[in-house]
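To start, the structure under review is shown below, and the notes come after it.
The values are calculated or read from the model by the stated rules, or taken from the named source; none is laboratory data. All of these numbers come straight from a predicted model, not from anything done at the bench. Backbone-built Cβ (ideal geometry, glycine too); neighbour counts: all protein chains shown. In case anyone asks, the SASA skips ligands and DNA or RNA and just uses the protein heavy atoms, side chains included. Shrake-Rupley method; radii C 1.70, N 1.55, O 1.52, S 1.80 Å.
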Amino acid sequence: MPSLKFAVLPGDYIGPEVMSAALRVLEHVARQENLQLDWTEADVGGAAIDRHGQALPESTLKVCAEADAILFGSVGGPKWEKLPPKEQPERAALLPLRKHFTLFANVRPGLLYPELTDASPLKSERIPDGIDIVCIRELTGGIYFGQPKSTTTLPDGDIEAIDTMVYRKSEIERITQVAITAARARKRRLCSVDKANVLETSVLWRKTVSDYVAANAPDLTLTHMYVDNAAMQLARDPNQFDVFVTENMFGDILSDEMAVICGSLGMLSSASLGARNNSHGRPFGLYEPAGGTAPDIAGKNLANPCAQILSAALMLRYSFGLDAVAARIEAAVRRTVTAGTRTGDIAFGRPSVGTTAMVEAIIKQL
Ligand code: IPM
Ligand code: MG
């Protein structure tokens with residue numbers, strides 16, 4: 001029986017609720033598919049600050065290092081907002097996790113079912129068939145991590161802060177490879193987003209992506225777009241994209257824009273794939289919902305568990321090579337939602353169900 005060894009990091013507020021929903025779904029498919037789940041839970045984020053004094057304790061890193069993948073909930077919230085920015089759960093847990101495991105490729109599907117177009121702030125006539133695009137964001141380079149990074153008081157008393165945007169050709173090539181694989185599984189159209197009219201890193205980005213695709217993926221249609229234009233095009237006609245690939249900070253911003261045009265954050269999953277392979281010969285990865293900890297609805301059985309469940313499906317696909325099982329979970333979520341069983345965030349005034357009833361409906365579809 002194939003054994004799936006993964007770390008479970010539920011985090012804060014709705015994190016544990018949607019995590020237990022995802023684990024129920026995983027346990028169900030494991031029974032059906034004869035898979036053995038071998039997961040270990042560990043504290044992260046605010047929960048870890050409270051219990052261990054830090055957002056990403058050594059003990060949690062160890063659990064992750066011994067696993068083949070990480071299923072992550074979400075971290076942060078009002079309880080820890082008074083901490084200095086560097087100690088906030090989001091920054092002190094997520095960024096070091098990404099760096100520690102070189103999770104350089106963030107795959108964010110922007111998927112809106114046609115039945116849910118009402119959830120999008122875009123006019124329905126602009127997205128008659130919903131939205132189906134993918135953002136590939138570089139996650140361990142660029143201005144987030146570049147050195148120097150400092151804040152200094154100058155001799156004249158003024159204060160200067162510095163962030164540095166750095167990219168190496170090799171970092172651009174490896175994210176391009178991930179984007180090529182994603183585009184090949186879809187419509188073979190790849191758009192690279194940069195700011196090559198201003199930034200040196202973007203000039204290197206554009207040349208590297210062009211050369212790499214020409215040499216390794218001549219079957220793809222590659223286009224380039226400046227990031228400001230991309231932000232506009234996403235709001236105008238999102239489906240003109242199939243897969244787009246971009247650097248860390250542009251991807252942070254564009255993926256949030258993508259999330260909002262796709263309606264509820266409660267439906268969006270993400271995968272952050274690492275540079276090293278796990279014991280299954282697949283990328284080690286971290287899988288997390290796009291949304292946050294939603295403190296206002298935590299503990300009330302109101303949270304939409306779909307994003308966490310869909311993130312678990314991505315884990316099966318990318319880190320365990322179980323594409324068919326992942327597709328079964330995705331189809332079950334889709335059928336449940338389109339059949340009308342919905343949590344409050346996607347119910348649009350119609351009767352809604354709680355987190356547990358939602359999970360039960362999804363399990364029934366499975
Ligand atoms: C994200 C988040 C993080 C980021 C924050 C919480 C550090 O916005 O995953 O998009 O900026 O990468
Ligand atoms: Mg973000």
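The table for this structure:
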item	result
Residue within region 240-248 that is open to solvent by 10 Å² or more (accessible area, probe 1.4 Å) and under 23 Å from residue 45 (Cα atoms) present	no
Pair list, Cβ under 6 Å, 6 or more apart: region 282-296 residue farther than 17 Å from residue 320 by Cβ and polar (S, T, N, Q), other residue modelled with pLDDT of 95 or more and open to solvent by 40 Å² or more (accessible area, probe 1.4 Å)	293/13
Single match in 25, 8, 44 (criterion: within 20 Å of the chain's Cα centre (by Cα) and in a helix (DSSP H, G or I))	25
Residue within region 33-43 that is out of contact with any Leu (no Cβ under 9 Å at 6 or more places or on another chain) and surrounded by fewer than 18 Cβ atoms within 10 Å (Cβ to Cβ) present	yes
Of the criteria (1) open to solvent by less than 10 Å² (accessible area, probe 1.4 Å); (2) over 17 Å from residue 140 (Cα atoms); (3) not in a helix (DSSP H, G or I), which one residue 270 fails	(2)
Residues of region 141-154 classified as part of a loop (DSSP other than H, G, I, E, B), open to solvent by less than 70 Å² (accessible area, probe 1.4 Å) and not small (Gly, Ala, Ser), total	2
The listed residue being open to solvent by 10 Å² or more (accessible area, probe 1.4 Å) and either over 29 Å from residue 342 (Cα atoms) or of a type in the set (Lys, Arg) (or both), out of 55, 65, 119, 93	65
Residues (open to solvent by 20 Å² or more (accessible area, probe 1.4 Å), touching an Asp or Glu at 6+ places or on another chain (Cβ under 9 Å) and modelled with pLDDT of 95 or more) located in region 273-293	279, 280, 282
Spans of strands (runs of 3 or more DSSP E) in region 155-256 with at least 1 residues of a type in the set (S, T, N, Q) and within 16 Å of ligand 2 (Cβ to nearest atom)	243-246
Any hit, region 69-87, residues being in contact (Cβ under 8 Å) with a residue 12 or more places away in the chain, surrounded by 23 or more Cβ atoms within 10 Å (Cβ to Cβ), assigned by TED's automatic domain parsing to the domain that holds residue 270 and in a helix (DSSP H, G or I)	no
